[in-house]
1. Just one of (i) 0.95; (ii) 0.98; (iii) 0.93 is Rg/Rh (Cα atoms, Kirkwood Rh) calculated from these coordinates, so which is it?
2. Which percent of the accessible heavy-atom area of the range 81-137 goes to carbon and sulfur, probe 1.4 angstrom?
3. Taking the Cβ of residue 43 as the center, what net charge do the other residues with Cβ under 12 Å away carry, scoring Lys and Arg +1 and Asp and Glu -1?
4. Can you give me the C-alpha center-to-center distance between the range 220-292 and the range 101-128, rounded to a whole angstrom?
5. Using 23 Å as the Cα-Cα cut-off, could you pick out the over-long pairs in 62/253; 152/287; 71/124; 131/179; 131/253?
6. I need the calculated FRET efficiency for the pair residue 217 and residue 7, taking r as the beta carbon distance and R₀ as 41 Å, to the nearest 0.05.
7. Mind jotting down the distance between the C-alpha centroids of the range 1-53 and the range 177-207, whole Å?
8. Please find the FRET efficiency linking residue 123 to residue 75, where r is the Cβ-Cβ separation and R0 is fixed at 35 Å, and quote it to the nearest 0.05.
Amino acid sequence: MSTVTPNKSLGLTLALVCAALWGASFPLGGVLAGKLDPVVLAIARYAIATLGFVLLFMFSRKHTLKKIQSKKDFALLAAAGVSAQAVFFYFTILAYEFTSSGEIGVINGMAPFLTMLAVFVIDKIKPTAPKIFAVVLSLAGAGVIAYDPTNKIQGLNLGHLFALMGVLGFVTYNYILGKFGSDLNSRYDLFSSSFYQFAAATVALLVLGVVTGADFSSAAVLVENGKNFAAIMALGLLCSGIAYAIWELATLKTQDAVVTTMALNVLPLFAMVVAYFLLGETITLQKLAGVVTVVIALCIYTLGDKIKFGKKAVSQQPVAE
C-alpha cells in the first residue's frame with residue numbers, strides 16, 4: 001500500500017464534509033417519509049448504494065471487490081449490514097411520523113454514548129468520569145430539544161423510541177465488529193466491506209418486505225418528481241456510498257482517530273441546519289441550545305481521558321467506538 005502523507009487540515013475538512021452528508025441523510029429521508037412504504041424506501045436506498053459499488057468495481061482499476069475469506073467473516077459482515085443499515089434506517093423512517101428529522105439527527109449523534117453503555121453492561125468496562133459527565137450533559141441537551149414548544153408532539157414520544165431503536169442497531173454493529181471482527185479491516189477494504197453490508201441490508205429488507213406484504217408499487221413515488229428522485233439518489237449514492245469513500249480518505253489524511261471523530265461530533269448540527277433549508281423545520285433558540293449542548297458533550301466524550309476531572313488523566317491510545 002502506498003504511503004499517504006498526513007495532512008490533518010485537509011483530513012478534518014473531508015471529515016466535516018462526511019459529517020455534513022451523514023447529517024443530511026435525516027432530512028433527505030424526511031422528504032420521502034410517509035410517501036411510500038417504509039420498507040420499500042429502505043430497500044431503494046441500499047439497493048442504489050449496492051449498485052453504486054457494483055459500478056465502482058466494474059469500472060475502477062484501483063478498487064476491486066475482495067472475496068469473503070471465511071464463514072465467520074460472512075456472518076459478521078451480514079450482521080453489520082442488517083443492524084447498522086437495515087435496522088437503523090427502517091426505524092428511522094418510522095420515527096418521522098412522530099418527530100422532526102432534526103431531533104432524529106440529535107438522537108443518532110448520541111450513538112457513542114449508547115455504545116459505551118453496551119460495553120459497560122456486557123463487558124463490565126467502567127467508563128471514565130469525563131465520559132459519564134458527557135452522557136449526562138447530552139441527555140440534558142436532548143431533553144431541551146424534546147420539550148421545545150414548536151415540536152409537533154411535546155416531550156418524549158414514540159418517534160424518539162423508534163429513533164433510539166434505529167441507533168441501537170448501529171450500536172449493535174459497533175459492538176459486534178469491535179468484539180468479534182476488529183481485524184476485518186486487514187482483510188477487506190472499506191469499499192468491499194461497505195458493498196457486503198449494503199447488499200446484506202438490501203436482501204434482509206427484501207425478505208422483510210415480502211413477509212410483511214410491503215406495498216412495492218409505492219416505489220413509483222420515487223420517480224414522481226425531481227425532488228423525490230434526487231432525494232433517493234442522494235441517500236443511496238451520496239450518503240451511503242460516496243460519504244464512505246470521503247471518510248476513508250479523511251482517515252488516511254489525518255491518521256488520527258480523534259481528529260476525524262471530532263468532526264463527526266457536529267453531525268446533529270448539520271442535520272438540524274439541512275432540515276431547516278430542505279424541510280422548513282423551525283430552528284428556535286431552545287433547539288439550538290440543545291444541539292450545541294449535545295455537540296459539546298460529544299466533544300468531551302471524544303477527548304475522554306485527556307480531560308482532567310480532579311485526578312491526573314491517564315494517557316491512552318484512542319479506541320474506535
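1. (i)
2. Carbon with sulfur: 76 percent of the solvent-accessible area.
3. -1
4. Between the Cα centres of the range 220-292 and the range 101-128 lies a distance of 20 Å.
5. The pairs that break the limit, which is 23 Å between Cα atoms, are 71/124; 131/253.
6. With R0 = 41 Å, the Cβ-Cβ based efficiency is 0.25.
7. 16 Å
8. Working: r = 20 Å, r/R0 = 0.58.
Calculated transfer efficiency: 0.95.
The values are calculated or read from the model by the stated rules, or taken from the named source; none is laboratory data. A quick note: this is a predicted structure, and the numbers were derived from the prediction, not measured. So basically every Cβ, Gly included, is an ideal-geometry build from the backbone, and we count neighbours across all protein chains shown. Just so you know, the surface numbers come from the protein's heavy atoms only, side chains and all, with ligands and any DNA or RNA stripped out. Shrake-Rupley method; radii C 1.70, N 1.55, O 1.52, S 1.80 Å.
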